[in-house]
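Heads up: the structure comes next, in C-alpha cells.
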Amino acid sequence: ASTTTAAQQTTDNTLTDDQFYQDVIAGLTSTPKRLDSKYFYDAQGDKLFQELMSCEEYYPTNCEMEIFTTQTAEICKAIIADGDAFDLIELGAGDATKSTRLLKYLIDNNADFTYLPIDISENVISYLNITLPVTLPGIKIEGLNGEYFQMLKKAAAISNRRKVVLFLGSNIGNMPVEAAKGFCEELRNNLSAGDMLLIGIDLKKNPATVLAAYNDKGGITKRFNLNLLERINRELGGDFNTSQFDHYAMYDPETGSCKSYLISLADQEVNIGHQTISFERDEYIYMEISQKYAAQEVNELATQAKFKPLNQFFDNKKWFVDAIWRA
Ligand code: AVJ
C-alpha cells in the first residue's frame, strides 16, 4: 500500500486534469501573472476569512449585519411581496450568519418559503442541512452543492414557485465591472418576471477606509493571500517559499477598484508538479479585485441587466447597500 503525494499524482492524470491545477498553471504562465481569488477558500482560507471579518479594519460584514439587524422587517416585507409561496435561493451561502437574520423573521411571520442555499463547498451544504433545522425549527431547507447557474437551473426544475435570490457580502465585487454586468445579465436570464434579487454591494467611500480594510495592520489579509500559495503547495505539490512574497493592496477612488497583489521579493523559481515558474524580483501576481460602486452605479447595474431596482437599504454610515431588484 502506498500513499500518493500531490507531486506524484502529476505522473498519472489525476492532478493535471484538475481545474484548480489548470487554472493555477494558466495564471502563473501568463503575463502578467495572476491567480483566481475564488481559490482562496479552502478550509484554511475559510478560517482566515472568518478572522478577517472580525478584525478592526474589515468593515463590510459589520455593515451588512447592521442592515439586516436594524431593517429586518422592511427587507422581509419587500421580499414577501404579495405573500405567495416562494423559493429563497442563496448564492454562496457560507455559514449563513447574515441570512439567518432574515430566515428567522420570515419563519416567525409564517412566510411560505423553502430555503435553497447554493455553495461550491460540499462542507458548507452538509453543515447547513444539519445545523439550520436545529437553529431555525420549522425551516424547509434544500441545500444545493455546485456552481451557481447550474444549481439555479436545478432549483427551477424542482419547483415553479417565485424565486428570491440572495447574493450577499459584496461577493459581486470579486468581478471586474464588465464581468459583473455579464453576471447580472446571466442571472436575469435564469429568472422569470416577478422574481427578485437581494444583492449586497460595498460602496465607494473614503479611500483610506477602503484601503485599510484590505491592508489590515494585523496582517490577516496578507496571510489570506499567502494562503493561496500554501494551498498550491499542499494540493498541487508546489514549493512556494511564502517568506519570499509580500502583500500589496491598492485602491483607486476614481474607478472604485481595490486590488491585491503578491510581490516577489527575489529572483526565484517555483516548482508546481512538473512545471517550473520563474519570478523576477519585484514581479507581481494579481490576486483579487474588490470592486466598489456608488449607490447610483448600483441602480445602473440593475437596469443594464434588465432588472428594476426597487429598494436600497443602507447602514448608518452609508458604507454598504443591500439592494432589491425585480426581474
Ligand atoms: C468575500 C469577496 C466580499 O472582497 O471584500 C476580504 C474577500 N478579500 N479581504 C472582499 C476579501 C480580502 C471579500 N469578499
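Any read-out appearing in this document is the output of simple, stated calculations on the displayed coordinates, not a laboratory observation. Just so it is clear, the model here is predicted, and its values are computed rather than measured. Neighbour counts run over all protein chains shown; Cβ positions are idealised from the backbone, glycine included.
For the range 203-281, the residue among Thr276, Phe224, Ala208 whose Cα projects farthest onto the positive side of the dipole built from Cβ charges is Ala208. Counting 0.36 nm for each residue step from Thr29 to Thr255 and taking away their Cα separation leaves a gain of 78.6 nm. For a modelled paramagnetic label at Thr135, 7 Å from Cα along Cα-to-Cβ, the residues of the range 156-177 in reach, with backbone nitrogen under 19 Å, are 166-171. How high is the relative contact order of the range 132-208, in percent, counting Cα pairs under 8 Å that sit 6 or more residues apart? Reported as a whole number, the value is 36 percent. Label-to-label distance, Lys217 versus Gln304, with points set 7 angstrom from Cα along the beta-carbon direction: 3.8 nm. Here the contact order of the chain, divided by its residue count and restricted to Cα pairs under 8 Å and six or more residues apart, works out to 22 percent. If R0 equals 30 Å, the separation of the Cβ atoms of Asp246 and Gln44 corresponds to a calculated FRET efficiency of about 0.95.
Under 5 Å from the amide H of Gly238 lie the amide H atoms of Asn233, Gly273, each residue being 5 or more positions distant or on a separate chain, with H modelled from the backbone and absent for Pro and chain starts.
Taking θ as phi - 60° and the Karplus parameters 6.51, -1.76 and 1.60, the scalar couplings of the range 157-169 work out to 6, 5, 8, 10, 5, 4, 10, 10, 9, 9, 9, 9, x Hz in sequence order, x denoting glycine and proline. Phi angles across the range 109-120 convert, under the Karplus curve 6.51 cos²θ - 1.76 cosθ + 1.60 with θ = phi - 60°, into 3J(HN,Hα) values of 9, 6, 5, 9, 8, 10, 8, 10, x, 10, 8, 6 Hz, Gly and Pro given as x. With θ taken as phi - 60° and the Karplus curve 6.51 cos²θ - 1.76 cosθ + 1.60 applied, the whole-hertz 3J(HN,Hα) list for the range 69-77 is 7, 8, 10, 3, 4, 4, 5, 5, 4 Hz, x standing for glycine and proline.
Assuming charge only on the beta carbon of Lys and Arg (+1) and of Asp and Glu (-1), the dipole of the chain about its Cα centre is about 960 debye to the nearest 20.
Taking 0.36 nm per residue of sequence separation and removing the Cα-Cα distance, the Lys317/Glu269 pair yields an extension gain of 12.7 nm. Here the extension length gained between Asp82 and Ile120 equals 10.5 nm, from 0.36 nm per residue of separation less the Cα-Cα distance. Working note: 222 nm ellipticity from helices only, DSSP H runs with n ≥ 4, each -39,500 (n - 2.57), summed and divided by the residues of the chain, gives -12000 deg cm²/dmol to the nearest 500. Computed over the alpha-carbon atoms, the range 147-235 gives an Rg to Rh ratio of 1.09, Rh here being the Kirkwood radius from the mean inverse distance.
Database remark: amide H of Lys292 closer than 5 angstrom to the amide H of Ser257, Cys258 (H placed geometrically; neighbours at sequence offset of 5 or more, or on other chains; Pro and chain starts carry no H). Taken over the chain, the alpha-carbon convex hull comes to 151 cubic angstrom per residue.
Put the Cα centre of the range 254-312 next to the Cα centre of the range 169-217 and the gap is 12 Å.
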